[in-house]
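**Q** First, the structure itself, so that you have it in front of you.
The values are calculated or read from the model by the stated rules, or taken from the named source; none is laboratory data. Everything numeric here is computed off the predicted structure, so don't read it as measured data. Ideal geometry is used to build each Cβ from the backbone, glycine not excepted, and the neighbour counts take in all protein chains shown.
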Amino acid sequence: MKKGLFTLDWTLAIDRHRDALLRMVAALLLMAGGGEAMPRHVRTGIWRVLRPAESAFRRLVVVVKLVLKIEAVVRVARAAAVPVITGASQGAARVPAFALFDARKSFKPRSAWRGRKPQPNIRFFDDVEVFEPVVVASPDDEVSAEQLMRRLQALQSALGDVPKQARRLARWEAKREAARAETGKYIAPIRPGKPPGHRDRGRHPVDFVLKDCHALALYALHDPPETV
């Protein structure tokens, strides 16, 4: 498809960035090790890559939806047609669904001081000074990795079928557009401004993938592709 003085191959761009994200997720899963806990510094390092990777994939899904011209199919489902699963193991092995919408920005005022208090923590009981010990977190402390692993699994599963995620996005957008008539509000999948996980001076490969996917999504939204 011609855009100005150059031709943009949407399929090549989608495949290239999807493959890059798949490689990153595979590396993150290898770092995680699959355990329920991991050292704090390992979890922090994974989060620093996972958040921008999720943002990049959300924008890639928007591009796929526009390129494939996927539209929502409105269906009325009856309650009796929905199977009900009972038992203690319900949902134990279910892979969580990937979050297709950016987290909304918080405009609540932040506290002016977020560090330690300027005064020592001292209390007096019967003229005896009691000092409250300050617990300093260590990078080697074992921390829970449950939420992190679920987010990794969701992203890996979503990357395995991008058109399916584009159809999910179309259905969610149709629902929110229908609710707009009552509430007057519509939340787009891509929030205004910089995407979540953006770093101005980021040098990790995921930073460049996020930058490219964000630009592709804005380009596709501004001038939707006419052909694949």
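**Q** From Ala217, Ala145, which residue is surrounded by 15 or more Cβ atoms within 10 Å (Cβ to Cβ), touching a residue at least 24 places away in the same chain (Cβ under 8 Å) and closer than 24 Å to Arg94 by Cβ? Walk me through how you get there before you give the answer.
**A** Details: Ala217 fails: closer than 24 Å to Arg94 by Cβ.
Only one candidate qualifies: Ala145.
**Q** Select from segment 49-90 the residues that are exposed (fewer than 15 other Cβ atoms within 10 Å of the Cβ) and of a type in the set (Lys, Arg) and write down the one among them that is modelled with the highest pLDDT.
**A** Let us first name the residues in segment 49-90 that are exposed (fewer than 15 other Cβ atoms within 10 Å of the Cβ), namely 69, 71, 73-90.
Then drop every residue that is not of a type in the set (Lys, Arg), which leaves 69, 75, 78.
Working: Lys69: 88, Arg75: 52, Arg78: 36.
Among those residues, the one meeting the criterion is Lys69.
**Q** So which of Val42, Val64, Val49 ends up being under 20 Å from Pro96 (Cβ atoms) and either among the acidic types (Asp, Glu) or out of contact with any Pro (no Cβ under 6 Å at 6 or more places or on another chain) (or both)? Break it down into steps so the answer makes sense when it comes.
**A** Numbers: Val42 fails: under 20 Å from Pro96 (Cβ atoms); Val64 fails: under 20 Å from Pro96 (Cβ atoms).
Being under 20 Å from Pro96 (Cβ atoms) and either among the acidic types (Asp, Glu) or out of contact with any Pro (no Cβ under 6 Å at 6 or more places or on another chain) (or both) holds for just one of Val42, Val64, Val49, which is Val49.
**Q** Taking the stated definitions as given, is Pro120 modelled with pLDDT under 85, assigned to a loop (DSSP other than H, G, I, E, B) and in contact with a strand residue (DSSP E or B) (Cβ under 8 Å, 6 or more places away or on another chain)? Working first, answer last.
**A** Values: modelled with pLDDT under 85: yes; assigned to a loop (DSSP other than H, G, I, E, B): yes; in contact with a strand residue (DSSP E or B) (Cβ under 8 Å, 6 or more places away or on another chain): yes.
So Pro120 passes the test.
**Q** Another one. Only residues that are in a loop (DSSP other than H, G, I, E, B), over 19 Å from Lys65 (Cα atoms) and of a type in the set (Asp, Glu): list them for segment 150-207, please.
**A** Listed by number, the list holds a single entry, Asp200.
**Q** Mind checking which residues of segment 142-156 are under 12 Å from Ala99 (Cα atoms) and touching a helix residue (DSSP H, G or I) at 6+ places or on another chain (Cβ under 7 Å)?
**A** Within segment 142-156, Arg151, Leu152, Leu155 meet the criteria.
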